[in-house]
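Below is one structure, written out as structure tokens; the observations come after it.
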Amino acid sequence: MAKNGPAPQPGILDINPYVPGESSVPGGVKPIKLSSNETPLGPSPKAIAAYKAVADELDRYPDGGATALRDAIARHYGLNPDRIVCGSGSDELINLIAHAYLGAGEEAVYSAHGFLMYKIATLASGATPVSVPEKGYTADVDAILAAVTPRTRVVFLANPNNPTGTYLPHGEVRRLHKGLPGNVLLVIDAAYSEYVRRNDYEAGLELVATTNNTVMTRTFSKIYGLAALRLGWAYCPAEVADALNRTRGPFNVNAPAIAAGVAALADRAHLETGIAHNEKWLPWVTSEIQKLGLEVTPSVGNFVLIHFADPKVAGAADEFLKARGIILRRVAAYGLPNCLRMTIGTSDDNHKVVAALASFLGRS
Ligand SMILES: Cc1ncc(COP(=O)(O)O)c(C=O)c1O
């Protein structure tokens, strides 16, 4: 064996691989899986039909430009399709952005409990991740701006953020953008935007439309229920779309995903059902868990962050729930070792989690 084997680029071995939410419990029973912020309602039946309809054409490459999907997104939101870039999940878009705009000696800034992919994508590009403290589990605009240096090239902001569920009002996002130098790209990750019911929230479209250094990323994995197909999109300034299109794989979005995405967008009733379900159960879950004496961070997404006394109790609660077939998410990797994140489930799921937590706490 050669003494000096191939070595990955600097930064690669500093990456802690992303650990997805667990999906099985001991005993082989079908779990209540509330660990990955998936919708409890499934995809639109129209999306499933469109997916199946492509089965006879698997020998054909997909349309490398995902034209039908970009056109459908553009119609849905009133956007310019030329400035939409589709990806294999928004994860891929985050990676493409990092690849195109970050390199050795440069920095990407994000908030302390921000989505894990920002750090991974930054390190994978050889750049330096800069994590900034939050205030009340919420991104702190002043702290982010204070962390910007001449080396900063990208600021990542999940709005709402996973796993905290908190958000920045549009005025704060604007203030953040205003404070950034023109050569810094603001990436607004709006993976959960459809769930937000707040008058002062805006997903990012306005800033992308009016500035040349803002990108908004979106996903079909959450409210649209197409996580398995890996489908996301970014709305970009023309120059950024051009950079991403040069570096993405020529067929990075597969044909069943394109077909299902187009059909999903056309089913507005299904989207409304998902919104209404969350609007009903998010407050219920929050208040029922609070009534048990646990702190729950107020969330605008389809999940809640539940706080326990210390990491040991959080771990014990996780094991207790798993033994009852319920999988939540440990979030120690996000700097939140005292917490579990719970995705809003069906009525039955939500009742079972609250009952199991009550019995964990000895209150059943
Ligand atoms: C904030 C945030 N951004 C992006 C993603 C990635 O989504 P996708 O499935 O589109 O890659 C997630 C998934 O958990 C997320 O929570």
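The values are calculated or read from the model by the stated rules, or taken from the named source; none is laboratory data. Since the structure is predicted, the reported quantities are computational estimates derived from the model, not experimental observations. Virtual Cβ from ideal backbone geometry, glycine too; neighbours counted across all protein chains shown. Protein only, heavy atoms only, side chains kept; ligands, DNA and RNA dropped before computing areas. Shrake-Rupley method; radii C 1.70, N 1.55, O 1.52, S 1.80 Å.
See the values below:
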| quantity | calculated |
| --- | --- |
| Every residue from the stretch 50-65 that is in contact (Cβ under 8 Å) with a residue 24 or more places away in the chain and under 26 Å from the mean Cα position of the chain (by Cα) | Ala50, Tyr51, Pro62, Asp63, Gly64 |
| Lone unmet requirement of (1) within 16 Å of the ligand (Cβ to nearest atom); (2) open to solvent by less than 30 Å² (accessible area, probe 1.4 Å); (3) within 17 Å of Pro298 (Cα to Cα) for Asp140 | (1) |
| Pick from the stretch 237-287, criterion among the acidic types (Asp, Glu) and without any contact (Cβ under 8 Å) to a residue 40 or more places away in the chain, ranking: nearest to Leu205 (Cα to Cα) | Glu239 |
| Enumeration of residues in the stretch 76-126 that are open to solvent by 20 Å² or more (accessible area, probe 1.4 Å), of a type in the set (S, T, N, Q) and within 16 Å of the ligand (Cβ to nearest atom) | Ser88, Asn95 |
| Wholly enclosed strands (runs of 3 or more DSSP E) of the stretch 123-219 bearing at least 2 residues within 27 Å of Ala257 (Cα to Cα) | 152-158, 185-189, 214-219 |
| Those residues of the stretch 197-225 which are among the β-branched types (Val, Ile, Thr) and surrounded by fewer than 22 Cβ atoms within 10 Å (Cβ to Cβ), in sequence order | Thr210, Thr211 |
| Single residue of the stretch 226-252 satisfying the filter (part of a loop (DSSP other than H, G, I, E, B) and within 11 Å of the ligand (Cβ to nearest atom)) that is most open to solvent (accessible area, probe 1.4 Å) | Arg230 |
| Residue tally, condition in contact with a His (Cβ under 8 Å, 6 or more places away or on another chain) and in contact (Cβ under 8 Å) with a residue 40 or more places away in the chain, over the stretch 164-216 | 2 |
| Some residue of the stretch 44-65 being at pLDDT 95 or above, among the polar types (S, T, N, Q) and buried (at least 21 other Cβ atoms within 10 Å of the Cβ) | yes |
| Test: residue in the stretch 242-253 that is closer than 30 Å to Pro133 by Cβ and modelled with pLDDT of 95 or more | no |
| Selected residue (only one of Ala7, Ala47 is small (Gly, Ala, Ser) and not in a loop (DSSP other than H, G, I, E, B)) | Ala47 |
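Conditions (1) crowded, with 17+ Cβ neighbours inside 10 Å; (2) in contact with a Cys (Cβ under 9 Å, 6 or more places away or on another chain); (3) more than 28 Å from Tyr118 (Cα to Cα); (4) not polar (S, T, N, Q), marked per residue:
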| site | (1), (2), (3), (4) |
| --- | --- |
| Trp284 | no, no, yes, yes |
| Val300 | yes, no, no, yes |
| Ile306 | yes, yes, no, yes |
| Ala309 | no, no, yes, yes |
| Cys339 | yes, no, no, yes |
| Gly345 | yes, no, no, yes |
| Lys352 | yes, no, yes, yes |
